[in-house]
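Reading through the structure tokens given below for one structure.
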Amino acid sequence: MASGGAHDHHIIPLKIYFRVIAILMFLTVVTVAASRVDFGVMNTVIAMLIASVKAGLVLAFFMHLKYDDKMYTVAFGTSVFFLLVLYFFAWVDFYTRFIHTGIVQ
Amino acid sequence: MSTANTSASSDGKSHVHHHAHHFDSAEHEYNAAKFGTWTFLVTEILMFGGLFVGYILYHERFPEMFKAGATFLDWKMGALNTIVLLFSSLTMALSIYYMQHDNKKMTLINLYVTLACACIFMVVKYFEYTHKLHLGIGPGNYFQPHGHGEEVQRALGFLKDYPNIGMYFSFYFCMTGLHGSHVLIGMGLIIWLIRRTHRNEFSSKYYTAIECVGLFWHLVDLIWIYLFPLLYLVG
Amino acid sequence: MASGAHDPNLNYLNWEKGLWSWLTTLDHKRIGIMYMISVMCFFALGGTFAMLIRWELFSVGKTIMDAKQYNQAMTFHGAIMVFMVIIPGIPAFLGNFIMPMQIGAKDVAFPRLNLASWYCLMAGAAVAFISLIYNGADTGWTFYTPYSITTQNGTIWLVTGAFIIGFSSILTGLNFIVTVHKLRAPGMSFWRMPLFVWALYSTAILQVLATPVLAITLALLVAERLLGVGIFDPKLGGDPVLFQHFFWFYSHPAVYIMILPAMGVVSELIATFSQKTIFGYKAIALSSIGIAAVSFFVWGHHMFVSGQSEFAGILFSFITMLVGVPTAIKTFNWVATMYKGSIRFDSPMLYAMGFIFLFTIGGVTGIMLAVVGVDVHFHDTYFVVAHFHYVMVGGTLMAIMGGIYYWMPKMFGRMVNETWARISFVLVFVGFNVTFFPQFILGAMGMPRRYYDYLPEYESLNRISSMGAWTIGVGFLVALGVILHAIKRGKIAGPNPWNAKTLEWTAPSPPPHENFHVQPVVTAGPYEYR
Amino acid sequence: MSMATGSKFMPPQATEIAKSVDSLYEFLLIVSFISCVLVIGGLIYFAIVHRRKHEGEKTPYIAHNTTLEFLWSFIPFVIFMVVFVWGWVVYHQLRHMPENGLEIGVQGQKWDWTFIYKSGRKTAGEIYVPVNQDVKLLMTSADVIHSFYIPAFRTKQDVVPGRYSALWFNANREGTFQVFCTEYCGDKHSAMAAKIHVVSREKYEDWVQTDAYKGLSSVEIGAKVYGQRCIACHSLTPTPEGANPIAPSYYGLFGKQEKLDDGSTVLVDENYVRESILNPNAKIVAGYKKGIMPTFAGQLSEEEVMGLIDYLKTVK
């Protein structure tokens, strides 16, 4: 860990790049189409799922996370985790004060 | 004390990259630079995340107001921008691929295409912004639609039902504005890369700068991947 | 670089001359010294505001200033001390200087970024002080909305200044994480790193994960004032309590950014001055990481009475109890280290023992405030003021002073005048207790904080507190004199005057530009007093 | 060290909950004192006993002791859990609103509290409540966040603009108890206090029905209203040189020609005073800022406005 390892920068073949961009473009079309249909609340969930798949592809291939040091994946995962912590606790408070305001505490 | 790794770049003029004195080898410096870039991306994600959390929380609290606000966003422009940015992400990744094969010409082409896509993105953004601001649809207190025309009437109508619709456009302008500023920063960095590639500073042995700017650019694209559905589609 | 010539009297201080060589230096040691000077100047400024506040509160009614000026003095005391003294204090000053040497590295991972961090701090401070031109800022260092939106003065400048200073903290954190991961000397596994490095590593994680949320919160606050974005403004449908959530999501980890490095310094001091291996090395190291992790889940205990629901209050109170356990473990480990040690009462050790004394009181009162039922009475009273001063002044400032006296031989190659250093300790320690212990009682009696004027029944305790505050002021002036004297005319110190075992003491003092003439190889743990 | 009666170091215990909060606080104090004695005592004892006899002394290599480390992790955890649960019980009592309490509307605005009883009676700066009666305060703020804090009842609740927040108490003995604002709200944050008078039920019934100004002359009513509502900003003495007060002084105001900020002058007569009370931003005196004085329309009865005008005539 302390000094550089062997010269092992992984090179992704062109084929995979083009396959990934094709999927990404396709998913963009899918997400636009999905937004046309009214699934009610599910619209947001579906849109986020598709966006997450696209994001996963960009992360894994374009940003080489799949082939790189696991530490980078840990770093990215930590940032998303603590973002969810901020959202969860703020949402708990928001929910009890605005959406479900049964009792004035 | 520093071991230099000469690079046989394609047009014969070899350029020597000295890694900094406190690193043991160029490989060591490369790993440190990438780890530093990823840690920086963590801070970017958390900063944008704050805005996303605010948006989602208020989206739950004022769902109709946000739906009304979203009607002013042109999803076609958004979709075009998404495709442009995805493509620029591809060309950025390809520029790294070609530099790993010491193919300076193809790297330059890809960098120029990435830069061009970024310009298209900003131009589309420019039209969206001026179109709205011209009608008086601005953030917060600057939401004073004036003039005539269907959109302005609709905006005035919404203003009566939802007095704080200005908040939706605050989120819109803050999120897309912050993202736009990062696209500009990315363009600046790509121009810096192009200059250094022309001066043969990169080779298959040393392309750290391209890879790190590439990571930053992919993150900018990542944020737009989430911004587009949240703002334009779901509304 | 002339790597061959080990000219003995050539060191990082004199191998380059002139102000320009300092302002454009990439050497982590010089940047550490520049941070030292900045932090000490800001501390003097923040301390002056503190003295003014205590002078005003000496008696009921107007003493030396009126309400508006008091509110500004209170705001600037808070903002300067938090953003410019205590957060950059140990990580940027002592951390920058010592941490790379302790892991056997030649420099931090990104020297240019390190210099940029210092310039961020100075630029942010300059912007913050522009607010004085626009008749200051009187929102308190917490900038709660909607007051911070409606008040007519230079709040925007202070907020923008804090925004810029935030980047100094982020970049330092980033630098330290990469340095610890990538630049450790051969043989130094994670379990052979000194505890000061462990503390700075967990602080760096906090700086990188928490400060960006402060950046976006302050940016939205500026947007709120300029454009009326309505996110935090109740008149436009916004929610001021959401601002508190975003603010404290940063600010509670920020208080751990302040205390964790101090704990790292104390671990070093206790081990060295007891000449005994630290007790429970793994427990202390993991406690640092544990505190850093749990600190992101507890911010709601600042908002028990803000209108959040009972469920949220209970949840935050429970998790706050969890974060109390590792803190207690660390304190017990320090005391256990001193068991059967060979203890010398040099000034750094006095400050370390002072830290444990005051931090224990700060800790137990922290648990009192974490108990929801009691906090409703104590929230925003002087009980809270006393608690966080016990932990911040009694904790972090004691550790900074201890750290300066301990690493003075390494930084400047000279020893500190022991008698005067001990006098400064006694003055600060006694003055501190006289100032802040009465404030616990004032808080219990219900005196709210940030009060320009108070009821006559609180006057006697406030008088005692003010007198104690001036004693602290004198104590720190004496300490300043001791430091300045030591730099110029202190007794020459050898490379390892305290017989410490960590790596930085194997380098000459003051160390050469590249820290070690020969790359150190680590074969054993950091505290091997066998 | 029985603090149940509320010693010098704690405000008086005026509600049952105050007693339970104090007993929890007492337990916390005892436990904290013991742990401080253990830690600090141990520190000082080891420092003295194991002080360095001679340089280069060998010290035993004790790295860790699992049982000891387990004990001093588990015991604090248990204590913290006990204290947490006890705190939860007290917090639940504090936050569980009584069903049919006496409801009083509270409005906080920059720098004073106004109260509205269900009987339409409005008071500023003080309220009367019967003893041994559940009282529920429904609070909101007109401008920034304030916080309603009654030390004697050990309870506090932020008053957030744009929302209602509630606080309840049941005073178990008569007396006057101090109320503070504890969320920083600007210049006169420390002057934003109020009083709760806990009186017997009969006195309360009598007070609520009677007119607050029974048997007072118009000037005395004006003086009382001035003391509650205007004193925060308007002074009765001539403005000293160099001071820039927030609002014009009442000294010798009535009947004077006042210069306005748009250059015109106006005679201070009954109509001008009434307009300045009900619509303060209509005419602004030169040298003072617009938008500072809140409107009192709907908050002052006709009797009170007339009283103020008569009172102004007497301020010479």
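What the table below lists for this structure:
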| quantity | calculated |
| --- | --- |
| Test: C:Met81 is assigned to a helix (DSSP H, G or I), in contact (Cβ under 8 Å) with a residue 12 or more places away in the chain and of a type in the set (A, V, I, L, M, F, W, C) | yes |
| Matching entry among A:Val53, A:Val58 (being facing another protein chain (nearest Cβ under 7 Å), β-branched (Val, Ile, Thr), in contact (Cβ under 8 Å) with a residue 24 or more places away in the chain and under 28 Å from B:Ile96 (Cβ atoms)) | A:Val58 |
| Residue within region B:170-188 that is of a type in the set (Gly, Ala, Ser), in contact with a helix residue (DSSP H, G or I) (Cβ under 8 Å, 6 or more places away or on another chain) and under 21 Å from B:Leu133 (Cα atoms) present | yes |
| Checking D:Asp158 against (1) touching an Asp or Glu at 6+ places or on another chain (Cβ under 6 Å); (2) assigned to a loop (DSSP other than H, G, I, E, B); (3) within 7 Å of another protein chain (Cβ to nearest Cβ), the condition it does not meet | (2) |
| B:Asn164 in contact (Cβ under 8 Å) with a residue 12 or more places away in the chain, surrounded by fewer than 21 Cβ atoms within 10 Å (Cβ to Cβ), within 14 Å of chain C (Cβ to nearest Cβ) and not in a helix (DSSP H, G or I) | yes |
| Filter result for the condition that a residue is surrounded by fewer than 20 Cβ atoms within 10 Å (Cβ to Cβ) and more than 14 Å from chain C (Cβ to nearest Cβ), over D:Gly222, D:Gly175 | D:Gly175 |
| Complete set of residues in region C:476-530 that are buried (at least 17 other Cβ atoms within 10 Å of the Cβ), touching a Phe, Trp or Tyr at 6+ places or on another chain (Cβ under 6 Å) and aliphatic (A, V, I, L, M) | C:Val482, C:Ala507 |
| Inter-residue pairs, beta-carbon under 9 Å, first at positive phi and touching a residue at least 60 places away in the same chain (Cβ under 8 Å) and in region D:54-69, second surrounded by fewer than 12 Cβ atoms within 10 Å (Cβ to Cβ) and among the acidic types (Asp, Glu), 6+ apart | none |
| Candidate set from region C:307-327 (those that are closer than 19 Å to D:His96 by Cα and free of Cβ contacts under 8 Å to residues at least 24 places away in the same chain); member that is surrounded by the fewest Cβ atoms within 10 Å (Cβ to Cβ) | C:Phe311 |
| B:Val234 being at pLDDT 95 or above and either more than 23 Å from A:His10 (Cβ to Cβ) or more than 14 Å from chain C (Cβ to nearest Cβ) (or both) | no |
| Residue match in region C:152-172 (condition: without any contact (Cβ under 8 Å) to a residue 24 or more places away in the chain and either buried (at least 24 other Cβ atoms within 10 Å of the Cβ) or out of contact with any Asp or Glu (no Cβ under 7 Å at 6 or more places or on another chain) (or both)) | yes |
| The one condition in (1) in contact with a Ser or Thr (Cβ under 6 Å, 6 or more places away or on another chain); (2) more than 28 Å from C:Thr217 (Cα to Cα); (3) part of a helix (DSSP H, G or I) that B:Asp221 fails to fulfil | (2) |
| Within region B:78-127, tally of residues that are without any contact (Cβ under 8 Å) to a residue 24 or more places away in the chain and among the aromatic types (Phe, Trp, Tyr) | 3 |
| Restricting region D:188-201 to residues that are over 8 Å from D:Trp111 (Cα atoms) and of a type in the set (D, E, K, R), the residue that is surrounded by the fewest Cβ atoms within 10 Å (Cβ to Cβ) | D:Arg201 |
| Residue that is over 30 Å from C:Ala386 (Cβ atoms) and among the aliphatic types (A, V, I, L, M), where the choices are C:Ala469, C:Ala479, C:Ala493 | C:Ala493 |
| Residue ranges of helices (runs of 4 or more DSSP H) in region D:200-316 with at least 3 members in contact (Cβ under 8 Å) with a residue 24 or more places away in the chain and among the β-branched types (Val, Ile, Thr) | D:218-225, D:302-314 |
| Every residue from region C:316-358 that is within 7 Å of another protein chain (Cβ to nearest Cβ) and farther than 28 Å from C:Phe196 by Cβ | C:Ser317, C:Phe318 |
| Matching residues in region C:225-240 - criterion: being buried (at least 24 other Cβ atoms within 10 Å of the Cβ) and within 8 Å of another protein chain (Cβ to nearest Cβ) | C:Val229, C:Gly230, C:Ile231, C:Gly238, C:Asp239, C:Pro240 |
| Qualifying residue in region D:269-284 (condition: touching a Pro at 6+ places or on another chain (Cβ under 6 Å) and either in the same structural domain as D:Tyr226 (by TED's automatic domain parsing) or under 30 Å from D:Val106 (Cβ atoms) (or both)) | no |
| Identity of the residue in region C:133-151, at the interface with chain D (Cβ under 9 Å from one of its Cβ atoms), more than 18 Å from C:Ile231 (Cα to Cα) and in contact with a Phe, Trp or Tyr (Cβ under 7 Å, 6 or more places away or on another chain), that ends up surrounded by the fewest Cβ atoms within 10 Å (Cβ to Cβ) | C:Gly140 |
| Leading residue by the ranking (nearest to the other protein chains (Cβ to nearest Cβ)) among those in region C:364-399 that are touching a His at 6+ places or on another chain (Cβ under 9 Å) and not aliphatic (A, V, I, L, M) | C:Gly373 |
| Subset of region D:78-112 (residues that are more than 10 Å from chain C (Cβ to nearest Cβ) and either touching a Leu at 6+ places or on another chain (Cβ under 6 Å) or among the charged types (D, E, K, R) (or both)) | D:Glu99, D:Glu103, D:Ile104, D:Gly105, D:Val106, D:Asp112 |
| Flag for C:Pro212 being over 18 Å from C:Phe83 (Cβ atoms), crowded, with 24+ Cβ neighbours inside 10 Å and either touching a Cys at 6+ places or on another chain (Cβ under 8 Å) or facing another protein chain (nearest Cβ under 7 Å) (or both) | no |
| Per-region count, region B:54-64, residues more than 8 Å from chain C (Cβ to nearest Cβ) and hydrophobic (A, V, I, L, M, F, W, C) | 1 |
| Conditions (1) without any contact (Cβ under 8 Å) to a residue 60 or more places away in the chain; (2) at the interface with chain C (Cβ under 8 Å from one of its Cβ atoms); (3) assigned to a helix (DSSP H, G or I): number failed by D:Ile75 | (2) |
| Residues that are crowded, with 24+ Cβ neighbours inside 10 Å and at the interface with chain A (Cβ under 8 Å from one of its Cβ atoms), drawn from region C:297-306 | C:Trp299, C:Gly300 |
| Hits in region D:283-303 (condition: at pLDDT below 80 and more than 20 Å from D:Gln109 (Cα to Cα)) | D:Glu302, D:Glu303 |
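The values are calculated or read from the model by the stated rules, or taken from the named source; none is laboratory data. What you are looking at is a predicted structure, and each value in this text was computed from that prediction instead of being measured. In this analysis, Cβ positions are derived from the backbone assuming ideal geometry, glycine residues included, and neighbour counts consider all displayed protein chains.
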